[in-house]
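Nothing in this text is a laboratory measurement; each read-out follows from the coordinates by a stated rule. None of these values were measured; they are calculated from a predicted model. Cβ atoms come from the backbone with ideal geometry, glycine included; neighbour counts cover every protein chain shown.
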Amino acid sequence: MARDMQETYREIVEAAGGIYIKPKLPEATNPYGIEAGGMIIHEVGAVRMGDHAATSALNQHCQAHDVKNLFVTDGACFVTNGR
């Protein structure tokens, strides 16, 4: 049986010493306000790509400079969303 996403999040917050405040979820056709991919998510700009480990986390192949078997496979290396 799948765990409830909010229950898992509550456990993470409390284990880190935080106080979980249950969100007031809007009435929606999608659970927890989750929309289709690309609608409300911020999937870009979190991981800098570049030639040098001193100024970026990823090389031109989205491979981590410092961890050779780690690749970023989402849009985090891009600076803006595609349109």
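Values as computed for the structure displayed
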| read-out | value |
| --- | --- |
| Full-stretch length increase - A53, N69 - with 0.36 nm per residue and alpha-carbon distance subtracted | 4.2 nm |
| Surrounding net charge for A54, when Lys and Arg each add one and Asp and Glu each subtract one, Cβ distance under 15 Å | -1 |
